[in-house]
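Report on the structure given below.
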Amino acid sequence: MPSASSQSPQAIRGAFLDFVNDPFYVSDAESVRYIPDGLLIVEKGAIADFGSYADLQAKYSQVEIVTYPGKIIMPGFIDTHIHYPQSEMIAAYGEQLLEWLNKYTFPTERKFRDKAYAQTIASLFLDELLKNGTTTALVFATVHPQSVDAFFEEASRRNLRMISGKVLMDRNAPDYLTDTPETAYEESKQLIQKWHNNGRLLYAITPRFAITSTHEQLRLAGKLLQEFPDVYLHTHLSENLKEVEWVAELFPECKNYLDVYDRAGLVGEKSVFAHGIHLSEDEFKRLSAAKAALSFCPTSNLFLGSGLFKLHKAKSLNQPIKVGLGTDVGGGTSFSMLHTLNEAYKVAQLQTQSLSAFKALFLATLGGARALSLEDKLGNFDPGKEADFVVLDLQATSIMATRTGGLSTRLAQGSTETELREELAEKVFGMMMLGDDRAIHAVYIAGELVHR
């Protein structure tokens with residue numbers, strides 16, 4: 001809950017950048033909102049007012065103002081796919097997906113039957129997210145219900161908007177990590193009733209992937225979605241070619257990988273599928289029609305040699321799909337959304353596609369909110385939304401300062417709006433390619449400063 005200090009209005013002054021529409025489909029002029037000298041008013045953890053300082057200063061003359069000169073203020077970053085139990089095995093050497101799971105992931109996740117251990121890692125994980133400017137995430141726990149309790153308890157202490165759920169696995173995994181269809185159903189149901197919409201917390205039904213769930217377990221996951229239609233479905237899809245081949249062997253009656261989930265009633269508007277690298281035309285069409293989301297995880301896809309996500313295909317005009325960005329720690333190699341944007345740009349380049357800074361930052365903010373069906377609560381500075389935001393330092397390192405120097409002066413001297421946007425795009429692109437956690441100058445959760 002917001003602290004007592006956040007009950008009275010707070011004012012933040014600085015340069016603000018957010019998005020009011022999707023730059024993949026409309027021009028920058030119609031999607032990018034940049035206010036070189038803006039004022040954000042926060043009250044009771046939410047955005048009460050927002051606009052230029054010149055327009056709002058008289059109205060809020062009695063409110064003490066915190067100013068961030070020379071910085072850029074953006075909505076908090078949103079990570080649409082990450083595994084908190086894999087924090088300690090990030091950057092594990094030398095394997096592709098299926099071998100990597102058996103060698104590193106499953107033995108690590110075994111430790112999360114101990115709730116105290118799970119709480120230690122959950123605390124480290126959430127602190128690392130905040131340090132990197134990520135304020136909301138869709139998070140895998142483990143098969144153990146206590147791993148979910150530990151995560152949500154730590155997230156609740158920090159008043160974070162987080163989504164998580166117990167992993168469902170009843171085959172093709174070590175005995176120490178498997179449940180049954182019945183226990184998965186019952187434990188998930190109890191966790192939904194305990195945590196979904198508890199404060200800022202939300203629940204995701206979480207089959208690991210089709211390989212580790214039987215038909216019956218997937219059917220019962222679909223039953224849970226029918227019983228609790230406002231919870232999420234979070235799983236993996238078409239990450240690795242060997243994985244896709246194995247799914248075809250396990251489910252010969254299904255026409256493709258996505259169809260496995262579809263037949264169980266798991267493909268809908270609040271379904272988020274991580275990766276989606278090796279999708280057929282039919283799968284792209286079905287995801288678009290269902291208004292489901294894909295999580296693009298470039299650092300993981302490159303690190304595990306999984307392949308190149310077809311962002312241009314997912315964001316096509318004729319069959320648009322909601323797309324967010326995922327760090328996918330620990331297959332992914334960084335908690336930093338800036339580093340993830342850096343790698344996303346390179347994935348596009350390898351397919352002779354371009355990814356502008358504005359499109360990339362949209363995916364990390366409003367695009368991520370839309371992927372998680374949270375655009376009514378997060379993603380930009382519209383009044384009424386939750387006041388989670390980050391203050392970015394474009395000169396955090398000497399090379400960044402050399403690359404982006406002079407932003408605050410050059411962008412304030414009578415430039416046209418088009419010139420402002422072009423200059424800004426160049427500067428934030430430099431930050432996106434060179435930045436890391438050092439570029440995160442401050443982080444606010446529900447209007448409260450939580451990291452600096």
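The values are calculated or read from the model by the stated rules, or taken from the named source; none is laboratory data. Since the structure is predicted, the reported quantities are computational estimates derived from the model, not experimental observations. Here the Cβ is made from the backbone with ideal geometry for all residues, glycine too, and neighbour counts use every protein chain on show.
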Revision key, fill the gap. Of (1) basic (Lys, Arg); (2) more than 24 Å from His441 (Cα to Cα); (3) touching a Lys or Arg at 6+ places or on another chain (Cβ under 8 Å), Lys103 satisfies every one except (3)
Study note, to complete from the structure: Quick count over segment 202-243, residues being surrounded by fewer than 19 Cβ atoms within 10 Å (Cβ to Cβ) and β-branched (Val, Ile, Thr), is 1
Point to revise | Where a residue in segment 111-123 is under 20 Å from Asp175 (Cβ atoms) and its partner, wherever it lies, is assigned to a loop (DSSP other than H, G, I, E, B), with Cβ under 6 Å and at least six apart | key: Phe112/Thr142; Phe112/His144; Arg113/His144
Point to revise | Extreme residue, farthest from Lys310 (Cα to Cα), among residues of segment 268-289 that are buried (at least 16 other Cβ atoms within 10 Å of the Cβ) and touching an Asp or Glu at 6+ places or on another chain (Cβ under 9 Å) | key: Lys270
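Check Thr404, Thr333, Thr352, Thr340 and return the single one that is farther than 21 Å from Lys270 by Cβ, hydroxyl-bearing (Ser, Thr, Tyr) and not assigned by TED's automatic domain parsing to the domain that holds Thr134. Let's see the steps before the verdict.
On the way: Thr333 fails: not assigned by TED's automatic domain parsing to the domain that holds Thr134; Thr352 fails: not assigned by TED's automatic domain parsing to the domain that holds Thr134; Thr340 fails: not assigned by TED's automatic domain parsing to the domain that holds Thr134.
Result of the check over Thr404, Thr333, Thr352, Thr340: Thr404.
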Practice item. With the condition kept exactly as written, say whether any residue in segment 66-74 is assigned to a loop (DSSP other than H, G, I, E, B), touching a strand residue (DSSP E or B) at 6+ places or on another chain (Cβ under 7 Å) and surrounded by 17 or more Cβ atoms within 10 Å (Cβ to Cβ). Key: no
Exercise for review: Please name all residue pairs, on different chains or six or more residues apart, with Cβ atoms under 8 Å, provided the first residue is in segment 427-447 and is under 16 Å from Ala344 (Cβ atoms) and the second residue is of a type in the set (D, E, K, R) and assigned to a helix (DSSP H, G or I).
Suggested key: Gly430/Arg403; Leu434/Arg403
Check your understanding: From the residues in segment 162-184 that are without any contact (Cβ under 8 Å) to a residue 60 or more places away in the chain and within 26 Å of the chain's Cα centre (by Cα), which one is farthest from Phe112 (Cα to Cα)?
Key -> Met162
Practice item. Check off (1) part of a helix (DSSP H, G or I); (2) touching a Leu at 6+ places or on another chain (Cβ under 8 Å); (3) at pLDDT 95 or above for Phe381 and give me the number that stays unchecked. Key: (1)
Exercise for review: Would you confirm whether any residue within segment 279-287 is closer than 19 Å to Gly368 by Cα and not in a helix (DSSP H, G or I)?
Suggested key: no
Practice item. Would you mind telling me which numbered condition in (1) assigned to a helix (DSSP H, G or I); (2) under 29 Å from Leu311 (Cα atoms); (3) among the hydrophobic types (A, V, I, L, M, F, W, C); (4) not assigned by TED's automatic domain parsing to the domain that holds Tyr176 Leu98 fails? Key: (4)
Review point. How many of the residues making up segment 1-51 are modelled with pLDDT of 95 or more, in a loop (DSSP other than H, G, I, E, B) and closer than 19 Å to Tyr444 by Cβ?
Key: 2
Revision key, fill the gap. Among residues of segment 22-75 being touching a residue at least 40 places away in the same chain (Cβ under 8 Å) and of a type in the set (Lys, Arg), the residue nearest to Leu392 (Cα to Cα) is Lys71
Check your understanding: Could you list, in sequence order, the residues of segment 254-291 that are within 21 Å of the chain's Cα centre (by Cα) and within 21 Å of Leu168 (Cα to Cα)?
Key -> Leu266, Val267, Gly268, Glu269, Lys270, Ser271, Val272, Phe273, Ala274, His275, Gly276
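How about segment 331-345: which of its residues are assigned to a loop (DSSP other than H, G, I, E, B) and crowded, with 24+ Cβ neighbours inside 10 Å?
Gly331, Gly332, Phe335, Ser336
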Point to revise | Unique match (being within 28 Å of Tyr104 (Cα to Cα) and under 18 Å from the mean Cα position of the chain (by Cα)) among Gly326, Gly368, Gly379 | key: Gly326
Review point. Restricting attention to segment 377-400, and to residues there that are without any contact (Cβ under 8 Å) to a residue 60 or more places away in the chain and touching an Asp or Glu at 6+ places or on another chain (Cβ under 9 Å), which single residue is surrounded by the fewest Cβ atoms within 10 Å (Cβ to Cβ)?
Key: Thr397
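Residue-wise test of (1) among the small types (Gly, Ala, Ser); (2) part of a loop (DSSP other than H, G, I, E, B); (3) surrounded by fewer than 22 Cβ atoms within 10 Å (Cβ to Cβ); (4) at negative phi.
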{"position": "Thr108", "(1), (2), (3), (4)": "no, no, yes, yes"}
{"position": "Phe152", "(1), (2), (3), (4)": "no, no, no, yes"}
{"position": "Ser156", "(1), (2), (3), (4)": "yes, no, yes, yes"}
{"position": "Asn172", "(1), (2), (3), (4)": "no, yes, yes, no"}
{"position": "Tyr185", "(1), (2), (3), (4)": "no, no, yes, yes"}
{"position": "Gln193", "(1), (2), (3), (4)": "no, no, yes, yes"}
Practice item. Would you mention how many residues in segment 115-138 are touching a strand residue (DSSP E or B) at 6+ places or on another chain (Cβ under 7 Å) and crowded, with 24+ Cβ neighbours inside 10 Å? Key: 8
**Study point:** Tally, over segment 237-278, of residues that are assigned to a loop (DSSP other than H, G, I, E, B), closer than 17 Å to Leu225 by Cα and touching a Ser or Thr at 6+ places or on another chain (Cβ under 7 Å)
**Key:** 2
